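First up is the structure itself, then whatever we jot down about it.
The values are calculated or read from the model by the stated rules, or taken from the named source; none is laboratory data. The shown structure was predicted, so the numbers you read here are calculated from the model rather than taken from an experiment. Quick reminder, even Gly has a Cβ in these numbers, built from the backbone with ideal geometry, and neighbours come from all protein chains shown. Only protein heavy atoms, including side chains, enter the accessible area calculation; ligands, DNA and RNA are left aside. Shrake-Rupley method; radii C 1.70, N 1.55, O 1.52, S 1.80 Å.
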Amino acid sequence: MNGRREMEQRSLELPPVVSHTNGLPIYFLTGKNYLYQTLYCIQSLIKSTAAQFKFILVDDGSFNAALMERVAKQLPGAQVITVKQISENLQNTLPETRYPYLHKKRAVYPHIKKLTDVHTIPGDDWKLVLDSDMLFWHDPREIITWLYAPQQPLHMIDCTEAYGYPQQLMEQLTGAPVKPLLNVGAIGLKSEAIDWDKLENWVKTLEEQEGTSYYLEQALSAMMIADTDAAVLKAGDYIVNPGPDQIKNKTGILHHYVDLSKEGYFKQAWKHFL
C-alpha cells in the first residue's frame, strides 16, 4: 500500500519528543515494523495535552542497532526494554518449566507479549499499554486522570465483540460474567494482580477446546478483569474503527485504526502530524 510506505518514509521527518524520567508512564510493544506508527501516536498525544510522559518501548524481538539509534534521536530519554531484559524478567516471573503454554504462545503469537513481556517488567505497579495504530485528536483527559492515580483497570470499547471464543466458555473459566466489547487499544492493568497460573490454564483450555484465535490477548484481558470494576473510555470519544467522516472531521478524542479504517489511517490521518 502506497499510503503505508509514504507514512513510514515520512515518519523520519517527525520532530523529536522528549521522554521525561518523571513523566506519566506509557508502554508500547513495538519494533521494526511498527516503530513509525508508535512515533505518530506519540506525536499526536503530545500535541493534544500539556502533560509530560515517560515512554517505555518494549522490544517485540525485532530491535537492532539502527532502531536503537532512531529511538535515541526521535524519542530522546525513552526507555527500551531489550530482548535480554525481557528474557531475564520472564525467567524471574514466568519460568518456562512452570508456564510452558505461555512460552509456546509467545513464540507464535506476538500479541500475547503485551501481557507476558510488559507485565513482568519491574517498576510501575499499574501499566498503560497503547497500540501503535492510534492517533489522538483532542486532550485525553480520562487517560491522563487515570495515569495520575490508577485505581482500577482501564479499557476502550470495541465497535463489535471480538474475543474469538464463546462467551460461555470464557465465563466458565473465569467464574464471572465477562465484560462485553472490551478493546485493548488502550489497556491499563495492575501487573501484580495478574494470576499467571490462571492465564496459563485459560490459554491451554481455550485453545484445546476451540483452537487458536487472533483475538486471544483481547479475550484474556477481558477474562482477567471480569469481576473487577473498570474505568471505561467512552466509545463516542475513543473510537475503534472510525468511519470516513469521523476520520475526516477528527471526531472524538482518539481513533484506533482497525479493519476498514486502516485505509483512512494510511492515506490521510497521519499527514496532520508532519
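Residues that are surrounded by 16 or more Cβ atoms within 10 Å (Cβ to Cβ) and either touching a Cys at 6+ places or on another chain (Cβ under 6 Å) or over 22 Å from His103 (Cβ atoms) (or both) within the range 170-186 comprise Met170, Thr174, Val178, Lys179, Leu181, Leu182, Asn183, Gly185, Ala186, listed in sequence order.
When the residues of the range 146-159 are filtered to those that are in a loop (DSSP other than H, G, I, E, B) and over 18 Å from the mean Cα position of the chain (by Cα), the one that is surrounded by the fewest Cβ atoms within 10 Å (Cβ to Cβ) is Ala149. Just one of (1) touching a helix residue (DSSP H, G or I) at 6+ places or on another chain (Cβ under 6 Å); (2) surrounded by fewer than 16 Cβ atoms within 10 Å (Cβ to Cβ); (3) not in a loop (DSSP other than H, G, I, E, B) fails for Arg10. It is (1). Of everything in the range 218-245 that is closer than 21 Å to Ile143 by Cα and in a helix (DSSP H, G or I), the residue that is farthest from the chain's Cα centre (by Cα) is Met224.
Taking the criterion of being of a type in the set (Phe, Trp, Tyr) and under 22 Å from Asp131 (Cα atoms), the residues of the range 202-253 that qualify are Tyr214, Tyr215, Tyr238. Look at (1) open to solvent by less than 20 Å² (accessible area, probe 1.4 Å); (2) under 26 Å from Gln268 (Cα atoms); (3) assigned to a loop (DSSP other than H, G, I, E, B) and you find that Ile143 fails only one, number (3). Could you please let me know if Val80 is open to solvent by 20 Å² or more (accessible area, probe 1.4 Å), without any contact (Cβ under 8 Å) to a residue 60 or more places away in the chain and outside any helix (DSSP H, G or I)? So Val80 fits the description; yes.
Among the conditions (1) more than 25 Å from Gly31 (Cβ to Cβ); (2) in a strand (DSSP E or B); (3) among the polar types (S, T, N, Q), Gln209 misses just one, which is (2).
For (1) among the hydrophobic types (A, V, I, L, M, F, W, C); (2) surrounded by 14 or more Cβ atoms within 10 Å (Cβ to Cβ); (3) in a helix (DSSP H, G or I), each residue gets a yes or a no:
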site	(1), (2), (3)
Ile26	yes, yes, no
Thr38	no, yes, yes
Cys41	yes, yes, yes
Leu45	yes, yes, yes
Ile56	yes, yes, no
Leu67	yes, yes, yes
